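These notes concern the structure reproduced below.
The values are calculated or read from the model by the stated rules, or taken from the named source; none is laboratory data. Here the structure is a predicted model, which is why all the values come from computation and not from measurement. Glycine also receives a Cβ, built like all others from the backbone with ideal geometry; neighbour counts cover every protein chain displayed.
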């Protein structure tokens, strides 16, 4: 009973606060007669959302596709490279510092270069989303593999397990909590990557829609697209969270 | 009476190297401590363990006894000397050796039963034929009804019992135990010593037990090898005369305490210092 009340409180409190903000926003825009082009009221945004439902959902498809594909590709590359480096100290010491150095550069700065290399279109957008999402996944997986209880690894070695078996039985499952921390960051970064790519080089997607709407001073449509992006991001994050819960349950927590 | 016992203890001679199950011959270990600095962890030392014998390596903290054990396990390479187990030089971990570490080293995401069966998974051998044996071992150490509990649901003592079962399940011929009970409270520790004794007697194996507890060493062992301060080497080899099975109460006998006192004197002795 107490737990349920606590959970309700956790859901109701932020929802009520957000609703309060929306009402305040509505009242202020109405009371001060802000031009719609500068600050549309929540009702204007809702109207734009309904009027342009077809366009928005059509444009959401490529954004979602690039985000998901970039995220998946980044997961494969990040987990793969980190796993590879965990097998050889020499390879790790040679490559790891370089990757860290690379990740210190603002990733967005590479975008124009990727467009030069991959052209305007989905390949460059996929590259950018992948590139941005890669680093948190790689680095968290790397920390997970390196943080594995050394005595567990030693036990496995003493039982004459091959390095590959030790990886599969001990290191990989032990690094799961770290990996999911990275995946959650990567999930939001992949969306950023896809949108930024669409800003620069696209004729489709929500990022493109936002930019086009800005040029046409359709502020309400920009905000409508942002609302949809917000929902997409939330759904995506929820998906990763569900994956983590599933893995945890499988690991018996 | 007392001096007679001490004479008897001191008169034990190390058997000649070469005829034992585990033969440690002139083994030394030097670590690189960064730069040109070198730390001598184990000074050249030799000893022999007969088949079926339970011996303890007893010494102060940091005397290199764990390092010596890791070298016998094949997890670490000696800087000098050779180690032979069952007639073969040790260069890598062998599947017939069972090791227990200071902590239970259980996979947190696996149940007690699955942890006991972990050796088969690590060795890439089918575990199914050993299910019954694993369950029997868990029951024997008093974990009936806890087979499917996760390590975090078990107490420290229970976790170490799971580790004992995991070490015995694949019937190793040599048991290496590196201060396995040092993280437990005194009462649990007595309890674990009883469990270990019972298991050792039922599944008779050659055993090397590393500890810094004099009483634990005397209670468990056939022979106690005393190691010096770092760089460690074996400075005394004492045979423990008590018959088995040994009740915990022998710890209160005069002879037990006399042996403990003798060993304490040996440990505190600092050559040249």
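Brief remarks follow.
- Among the residues of the range A:66-92, not one is under 27 Å from residue A:199 (Cα atoms) and not in a helix (DSSP H, G or I).
- Filtering A:115, A:128, A:108, A:132 for residues that are within 16 Å of the chain's Cα centre (by Cα), within 30 Å of residue A:222 (Cα to Cα) and modelled with pLDDT under 90 leaves a single hit, A:108.
- The residues in the range A:130-152 that are touching a helix residue (DSSP H, G or I) at 6+ places or on another chain (Cβ under 6 Å), part of a helix (DSSP H, G or I) and within 14 Å of another protein chain (Cβ to nearest Cβ) can be counted, and the count is 2.
- Residues in the range A:32-83 that are on the phi < 0 side of the Ramachandran plot and at pLDDT below 90: A:32, A:34, A:35, A:36, A:37, A:38, A:39.
- Subset tally (residues that are free of Cβ contacts under 8 Å to residues at least 40 places away in the same chain, within 11 Å of another protein chain (Cβ to nearest Cβ) and either more than 16 Å from the chain's Cα centre (by Cα) or on the phi > 0 side of the Ramachandran plot (or both)) for the range B:64-92: 2
- Condition check for residue A:127: within 11 Å of chain B (Cβ to nearest Cβ) and touching a helix residue (DSSP H, G or I) at 6+ places or on another chain (Cβ under 7 Å): no
- Of all residues in the range A:91-105, none satisfies being more than 19 Å from residue A:201 (Cα to Cα) and touching a strand residue (DSSP E or B) at 6+ places or on another chain (Cβ under 6 Å).
To keep it simple, each residue is scored yes or no on (1) under 30 Å from residue A:174 (Cα atoms); (2) touching a residue at least 12 places away in the same chain (Cβ under 8 Å).
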| site | (1), (2) |
| --- | --- |
| A:15 | no, no |
| A:24 | no, no |
| A:40 | no, yes |
| A:56 | no, yes |
| A:60 | no, yes |
| A:89 | yes, no |
| A:93 | yes, no |
| A:104 | yes, no |
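- Unmet criterion (only one of (1) under 26 Å from the mean Cα position of the chain (by Cα); (2) over 28 Å from residue A:240 (Cα atoms); (3) loosely packed, with under 13 Cβ neighbours inside 10 Å) for residue A:14: (2)
- Of the strands (runs of 3 or more DSSP E) lying entirely inside the range B:147-241, those carrying at least 2 residues that are under 26 Å from residue B:127 (Cα atoms) are B:174-178, B:206-211.
- On inspection, residue B:144 does not qualify as facing chain A (nearest Cβ under 10 Å) and either over 19 Å from the mean Cα position of the chain (by Cα) or assigned to a loop (DSSP other than H, G, I, E, B) (or both).
- Test: residue in the range A:159-176 that is without any contact (Cβ under 8 Å) to a residue 40 or more places away in the chain, within 12 Å of chain B (Cβ to nearest Cβ) and touching a strand residue (DSSP E or B) at 6+ places or on another chain (Cβ under 6 Å): no
- Output for the range B:97-137, where each listed residue is surrounded by fewer than 17 Cβ atoms within 10 Å (Cβ to Cβ), in a helix (DSSP H, G or I) and at the interface with chain A (Cβ under 9 Å from one of its Cβ atoms): none
- Check on residue A:247, within 14 Å of chain B (Cβ to nearest Cβ) and either on the phi > 0 side of the Ramachandran plot or surrounded by fewer than 20 Cβ atoms within 10 Å (Cβ to Cβ) (or both): yes
- Put simply, of A:128, A:108, A:95, A:50 the only residue that is surrounded by fewer than 20 Cβ atoms within 10 Å (Cβ to Cβ) and under 14 Å from residue A:198 (Cβ atoms) is A:108.
- Some residue of the range A:227-238 being over 14 Å from the mean Cα position of the chain (by Cα), more than 14 Å from chain B (Cβ to nearest Cβ), touching a residue at least 40 places away in the same chain (Cβ under 8 Å) and assigned to a helix (DSSP H, G or I): yes
- One residue stands out among those in the range B:174-195 that are more than 14 Å from residue B:103 (Cα to Cα) and modelled with pLDDT of 90 or more: the one that is surrounded by the fewest Cβ atoms within 10 Å (Cβ to Cβ), which is B:174.
- Given (1) within 14 Å of another protein chain (Cβ to nearest Cβ); (2) assigned to a helix (DSSP H, G or I), index of the condition residue A:199 fails: (1)
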